[in-house]
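What follows is one structure encoded as structure tokens, with my remarks underneath.
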Amino acid sequence: MKIKNICCIGAGYVGGPTMAVIAHKCPDIKVTIVDINEQRIADWNNEDVSKLPIYEPGLADIVLSARGKNLFFSTDIEKAINEAEMIFISVNTPTKTYGVGKGMAADLKYIELCARQIAEVAKDDKIVVEKSTLPVRTAQAIKNILENTGNGVNFQILSNPEFLAEGTAIDDLLHPDRVLIGGDTDEAGQKAIGALVDVYANWISRDKILTTNVWSSELSKLTANAFLAQRVSSINAMSELCEKTGADVNEVAKAIGMDSRIGSKFLKSSVGFGGSCFQKDILNLVYIAKSYGLNEVADYWEQVIIMNDHQKRRFGANIVKTLYNTVSGKKIAFLGWAFKKDTNDTRESASIYVADDLLYEQANIAVYDPKVKEKAIYRDLNYLSTRTEEENKKGVTVHIDPYEACKDAHAIAVLTEWDEFKTYDWQKIYDNMKKPAFVFDGRNILDEGALRDIGFIFQGIGK
Ligand code: UDX
Ligand code: ADP
């Protein structure tokens, strides 16, 4: 079975880049990405690729190479479903904010809506691919909806979780460590798996394409994110101990990372992990474990989140303590708002929570981020509902010039590890700040010695 037409529902951080790369690498396949959000689709179609809705290094070139040839962005969801032999579901699955499982379970309402729409529209057999990260056994729910609502056509459900990380999405998609495809073990399931393997085999060697049963695939994605987040929480836990004992967390990370059993990646101590995946997926894992009565398993993973929350909170608390126990009326400049460098995504960014804590202490916050727009910053703060929108507007200013953001500040907090922060004229920044001038480097990226020589009072994480 050869795939000629692919539809992807959801033009977000996962669907957009993933489909752009498939279209770029498979010129014989027509790829249509659809979304209910008209503005988002218009942005993807913008002539000026600097206005794409997502910032990712390399993404604009890939989109330009295929858009209008075999890559299309559209709001006509029904047409795209009908034309496609293979439909990827790549919609968001946020943590539930209501009802049973509130604050823990994944909200599957968008997934269910997609499944119902596919079932209503489809006139011939389809392969439906779960791309969104989902609780284990979601494929069964999708199958039930498709089979009971559909027009009598056959559906095969595959799980094909995405392992790309934002900021390096294009490279991760072009050169993945592995691709994982889960499907039914019967003949029809294997045929569907084979069709998707053939798509990826256009640019990925077959020995890197793993095929499993559908439940293993679904659970592997949650497990991978849980293990990665656990590494960050583990090194962050050690960072606090380093600060008390005189050890340096960077030296500790290097020393343990050279042990090939541990490995050196994902051991950077920080102000806490953010992003749309780690917290959501672990909470979901905890919820699933609890629902099977596995309380020890649930408690074990929940600790990763507890540690992360603590790391964010103690960063803000340390700023207050160091600034003589009050930041009321003081200007604190935030360098970075995104949850990591090279992305404009701010979901669950540590900066939001640190800002919230400092606003509670009546600080004035001045934010500069090279890629995050002002409206996203206010949206993030307003979403917390800690205070009114007017109060957030009053407490936070957003700048397009980092030197302006830092001018007359009592302290600078580095929240995101953007490379450009390292090359600023720190003498100029120092000269324009209130004295004593403090720097709290939540990412350990600045040259501590050089900043101390200039006169800054410098505090990194875990030192
Ligand atoms: C993650 C997974 O890496 C990816 O495989 C999955 O598909 C989606 O979730 P993402 O959230 O985009 O990707 O970025 P990632 O690089 O994993 O970083 C997550 C957070 O952890 C960021 O806030 C980052 O700054 C932080 N982090 C990461 C650290 O604090 N220290 C590290 O050593 C690594
Ligand atoms: P992710 O990081 O998982 O890609 P995003 O929030 O960036 O998440 O993207 C998900 C996209 O899915 C959004 O653009 C949203 O509008 C879209 N979406 C959600 N539900 C539907 C639906 N039923 N049909 C089409 N698009 C949808």
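The values are calculated or read from the model by the stated rules, or taken from the named source; none is laboratory data. Computed from a predicted model, the values in this text were never measured in an experiment. All Cβ positions, glycine included, derive from the backbone under ideal geometry; neighbour counts span all protein chains shown.
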So which residues in the range 272-289 are of a type in the set (Val, Ile, Thr) and within 14 Å of ligand 1 (Cβ to nearest atom), if there are any at all? Ile282
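Within the range 340-355, does at least one residue satisfy the condition of being of a type in the set (Ser, Thr, Tyr), free of Cβ contacts under 8 Å to residues at least 12 places away in the same chain, assigned to a loop (DSSP other than H, G, I, E, B) and closer than 22 Å to Ile461 by Cβ?
no
So that you can scan it fast, the table gives a plain yes or no per residue for (1) touching a Gly at 6+ places or on another chain (Cβ under 7 Å); (2) modelled with pLDDT of 95 or more; (3) more than 26 Å from Gly58 (Cα to Cα):
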residue: Asp107; (1), (2), (3): no, no, yes
residue: Ala119; (1), (2), (3): yes, no, yes
residue: Lys123; (1), (2), (3): no, no, yes
residue: Ile127; (1), (2), (3): no, yes, yes
residue: Leu173; (1), (2), (3): no, yes, no
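Would you confirm whether any residue within the range 138-154 is closer than 20 Å to Gly16 by Cα, free of Cβ contacts under 8 Å to residues at least 24 places away in the same chain and not acidic (Asp, Glu)?
Scanning the range 138-154 turns up no residue that is closer than 20 Å to Gly16 by Cα, free of Cβ contacts under 8 Å to residues at least 24 places away in the same chain and not acidic (Asp, Glu).
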Which strands (runs of 3 or more DSSP E) sit wholly inside the range 138-223 and have at least 2 residues that are within 16 Å of ligand 1 (Cβ to nearest atom), of a type outside the set (Lys, Arg) and within 23 Å of Ile288 (Cβ to Cβ)? 179-183
Could you identify the single residue in Thr75, Thr18 that is under 17 Å from Glu130 (Cα atoms), near ligand 2 (Cβ under 10 Å from one of its atoms) and at pLDDT 95 or above? Thr18
Going through the range 247-282 one residue at a time, which ones are on the phi < 0 side of the Ramachandran plot, within 16 Å of ligand 2 (Cβ to nearest atom) and in a loop (DSSP other than H, G, I, E, B)? Phe273, Gly274, Ser276, Cys277
Every residue from the range 43-91 that is of a type in the set (A, V, I, L, M) and more than 15 Å from Gly12 (Cβ to Cβ): Val49, Ala60, Ile62, Leu64, Ala66, Leu71, Ala80, Ile81, Ala84, Met86, Ile87
Find the residue count for the range 404-436, including only residues that are touching a Gly at 6+ places or on another chain (Cβ under 8 Å) and within 16 Å of ligand 1 (Cβ to nearest atom). 7
